[in-house]
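Report on the structure given below.
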Amino acid sequence: MKLVGLERLPVSDDALHEDGVSRQPEWERLPFTYLARGRAALTVLSAAGLVAFFSPWVHVTMPDIVTYSGFGLARRLGWAWGAGVGWFVLLPTVLSRRTIMHMRGARVAACFLAAVPGVTAGLLLARPPHGSHGVPLRFAFEWGLYATLALSALAVGFGIVFGGRVEDLSLIHI
């Protein structure tokens, strides 16, 4: 074998990546429009969750007639902000993961962020508001609250499998 100067050698696979990770398919950067491995589902669910957060959650008929969205409730009950924040943070969390390993690494965060709106809606259903200072309160829960609960359950399910299995690399279609 002939010896050559180091500057004449081609760049190694390891040197192609600035983080020192060798070139493996699960670390390849996918296009922003990549939709598989739960990425599209979580994106759509988080966007739908944001819509549900601004939709009617509670319709009060006594003492006043007023309808509160998740946003309106959050302005009155500070803990209800968790629903909106959970959906709002889940969206960029999912969209910023561009490799299979990064998607897999964000599973716990995605599940947690998807569960927060469901827990918020569940707490509201389990401990409904009541009248104060002797003033009765009559209300009905609206579709936005139930939609938040359903979207949250679906998003947690997709969050668990976010990124898919590494063994399924042959299924990557870019």
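The values are calculated or read from the model by the stated rules, or taken from the named source; none is laboratory data. All values derive from a computational prediction rather than experimental measurement. No Cβ is skipped: glycine too gets one built from the backbone with ideal geometry, and neighbour counts run over all protein chains shown. Note: areas computed on protein heavy atoms with side chains; ligands, DNA, RNA excluded. Shrake-Rupley method; radii C 1.70, N 1.55, O 1.52, S 1.80 Å.
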So V89 and F141, fully extended at 0.36 nm per residue minus their Cα-Cα distance, gain in nm 16.2 nm
Suppose the chain between Q24 and I160 were pulled fully straight at 0.36 nm per residue; how much longer would it get relative to their current alpha carbon spacing? 46.7 nm
Accessible surface of W143 - all protein chains present, 1.4 Å probe, nearest 10 Å²: 140 Å²
Pop out the ³J(HN,Hα) list for region 109-119 in order, Karplus 6.51 cos²θ - 1.76 cosθ + 1.60 with θ = phi - 60°, rounded to Hz; leave Gly and Pro as x. 4, 5, 5, 4, 5, 6, 7, 4, x, x, 5
Hey, rough spin-label estimate for R98 and V51, points 7 angstrom out along Cα→Cβ, what's it come to in nanometres? 2.8 nm
Near the amide H of E28, under 5 Å away, which other amide H atoms are found, from residues 5 or more places off or on another chain, if H is placed in the peptide plane? I100
Could you report the accessible area of E26 in Å², rounded to 10, computed with a 1.4 Å probe on the protein chains as they sit in the structure? 30 Å²
Treat each spin label as a single point 7 Å out from the Cα along the C-beta direction, and report the H59 to L123 distance in nm. 2.6 nm
Highest-first arrangement of 155-164, 113-122, where packing means the average Cβ count within 10 Å: 113-122, 155-164
Roughly what would the spin-label model give for L9 and V66, points 7 Å off Cα along C-beta, in nm? 7.2 nm
